[in-house]
């Protein structure tokens, strides 16, 4: 068995390690275009916040460990550019420009995703950066240190954009955000999105919504200018944080099917439209647990879990993954923002009759010191009473509580069933009626 893996980050190295543990005699070859494998990409904004901390601190395991200890044939600096399904080979070039071709019996495409960068003038200028890979993190840290940047323009307002706002402000760098859409956090309940927006602005970040970017130019003062149809913003660096797109082009050119946002289509066993080829991680789609439909929500846990599942499949054990819910959490200055399941718009589009409530309550018992405000929004299907999703914003107790809702969604619970869950109580952690139970009870009243 010759198991070839394209991509050496979360899904790829998880699959390689598990396959080697299960079948040490198997030839496992990993082709990674960069020189970095197995690192904490999600930790990059927090690393960038600290000028004294080396970006290499984020490396979980060095390439040499995989080669020497696990006997994985890990080939860094190998970028795969084409796939020949008939010959069962992948081909590409090394970082020195040398061509290579590798044959496979089973292939895992774990090529990840790339930042979305508009095809507009000036987005290729020095100082216009995106953050996805560890090398991106290196470049950003080096640029900030070498150019005495005191103002950054951030294009986009998603997770990475907001995390980077906090990182830059912690370095006393001014930040201005801009995006074409006119709604801040469009996926969030309006009241909760307003709380987050206020927190960002309170920390000195300027937010510009609804401005179409036309180009970026560099002025005679060496400052970058982001030119919009009705606005001009100037800074020493521009961070493009408009989301990501799957690295799937070479596979699609070879005839593999894609369903959602050009992500490779996989079944619940991670098989593509070719029985000898699997896909996992940020280049592949997934089934949504609540809708049963395909979706593209690239997150770290799914990538690692999918890598394990592919390794088990290749080693002869059938594994079916139930799907994902889009459970996520991120920090914005002193706030924690979390969500799981569907929002109102998504629920309506998928055939539910959604009903929601939004409440503001306390994170701890009312008389306990340190209690802070927590905002919750929860929704359910009016007809079945099934719980469909939740969102939370607060200064504490958010990340842990969202997981309780995620478990309930995986279990297919109704709001009534969830309202009867025996949740822990002690004054330092929660009121007697936990905020989740209070929200569920309010939602029950609205459901009638």
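Whether a residue is outside the structural domain of residue 188 (by TED's automatic domain parsing), within 23 Å of residue 200 (Cβ to Cβ) and without any contact (Cβ under 8 Å) to a residue 60 or more places away in the chain was assessed, and residue 340 does not pass this test. The sole residue among 152, 117, 178 that is touching a strand residue (DSSP E or B) at 6+ places or on another chain (Cβ under 6 Å), surrounded by fewer than 16 Cβ atoms within 10 Å (Cβ to Cβ) and under 30 Å from residue 222 (Cβ atoms) is 117. Applying a threshold of 7 Å to beta carbon distances and a minimum spacing of six or more residues, or different chains, the list of pairs starting in the stretch 39-57 at a residue that is without any contact (Cβ under 8 Å) to a residue 24 or more places away in the chain and ending at one that is not in a helix (DSSP H, G or I) reads 40/60. Of all residues in the stretch 397-435, those satisfying the criterion of being in contact with a helix residue (DSSP H, G or I) (Cβ under 7 Å, 6 or more places away or on another chain) and without any contact (Cβ under 8 Å) to a residue 60 or more places away in the chain are 404, 408, 415, 416, 418, 419, 423. In the set 321, 264, 335, 290, only one residue is in contact with a helix residue (DSSP H, G or I) (Cβ under 9 Å, 6 or more places away or on another chain), at pLDDT 95 or above and within 26 Å of residue 197 (Cα to Cα); that residue is 335. Taken over the stretch 159-184, the criterion of being within 27 Å of residue 340 (Cα to Cα) and in contact (Cβ under 8 Å) with a residue 40 or more places away in the chain is satisfied by 159, 160, 161, 162, 163, 164, 165, 166, 167, 178, 179. Is at least one residue of the stretch 231-245 over 25 Å from the mean Cα position of the chain (by Cα), free of Cβ contacts under 8 Å to residues at least 24 places away in the same chain and more than 20 Å from residue 297 (Cβ to Cβ)? Yes, the stretch 231-245 has at least one match.
Considering (1) in a loop (DSSP other than H, G, I, E, B); (2) surrounded by fewer than 20 Cβ atoms within 10 Å (Cβ to Cβ), the lone condition that residue 92 does not fulfil carries the number (1). Checked against the criterion of being exposed (fewer than 15 other Cβ atoms within 10 Å of the Cβ), under 19 Å from residue 364 (Cβ atoms) and assigned by TED's automatic domain parsing to the domain that holds residue 357, the candidates 427, 435 yield just one match: 427. Selection over the stretch 146-158 of residues that are touching a residue at least 60 places away in the same chain (Cβ under 8 Å) and part of a helix (DSSP H, G or I) gives a count of 1. Confirm whether residue 122 is farther than 30 Å from residue 8 by Cβ and out of contact with any helix residue (DSSP H, G or I) (no Cβ under 9 Å at 6 or more places or on another chain). Yes: the conditions hold for residue 122. The combined condition, being surrounded by 14 or more Cβ atoms within 10 Å (Cβ to Cβ), farther than 30 Å from residue 226 by Cα, under 23 Å from the mean Cα position of the chain (by Cα) and not assigned by TED's automatic domain parsing to the domain that holds residue 15, is not fulfilled by residue 46. If you go through the stretch 58-70 and keep only what is surrounded by fewer than 17 Cβ atoms within 10 Å (Cβ to Cβ), in contact with a strand residue (DSSP E or B) (Cβ under 8 Å, 6 or more places away or on another chain) and either touching a residue at least 24 places away in the same chain (Cβ under 8 Å) or in the same structural domain as residue 109 (by TED's automatic domain parsing) (or both), you end up with just 59.
Considering (1) without any contact (Cβ under 8 Å) to a residue 60 or more places away in the chain; (2) closer than 30 Å to residue 160 by Cβ; (3) outside the structural domain of residue 302 (by TED's automatic domain parsing); (4) more than 23 Å from the chain's Cα centre (by Cα), the lone condition that residue 119 does not fulfil carries the number (4). Take the conditions (1) assigned to a helix (DSSP H, G or I); (2) out of contact with any helix residue (DSSP H, G or I) (no Cβ under 7 Å at 6 or more places or on another chain); residue 304 misses just one of them, which is (2).
When 185, 224 are checked against the criterion of being surrounded by 13 or more Cβ atoms within 10 Å (Cβ to Cβ) and in contact with a strand residue (DSSP E or B) (Cβ under 7 Å, 6 or more places away or on another chain), a single residue qualifies: 224. With the structure loaded, tell me whether residue 15 is within 15 Å of residue 306 (Cβ to Cβ), modelled with pLDDT of 95 or more and buried (at least 21 other Cβ atoms within 10 Å of the Cβ) or whether it fails that test. Yes; evaluated as a whole, the condition is true for this residue. Of the residues making up the stretch 49-66, at least one is within 24 Å of the chain's Cα centre (by Cα), under 30 Å from residue 171 (Cα atoms), at pLDDT below 95 and part of a strand (DSSP E or B). Any chance you could count how many residues in the stretch 4-25 are under 15 Å from residue 106 (Cβ atoms) and in contact with a helix residue (DSSP H, G or I) (Cβ under 8 Å, 6 or more places away or on another chain)? Qualifying residue count, the stretch 4-25: 9.
Here the stretch 28-48 is the region considered, the condition is being out of contact with any helix residue (DSSP H, G or I) (no Cβ under 8 Å at 6 or more places or on another chain) and assigned to a strand (DSSP E or B), and the residue that is farthest from residue 166 (Cα to Cα) is 29.
The values are calculated or read from the model by the stated rules, or taken from the named source; none is laboratory data. Predicted, not measured: the structure shown is a model, and the values here were computed from it. Because the Cβ atoms are built from the backbone with ideal geometry, glycine has one as well, and the counts that use them run over all protein chains shown.
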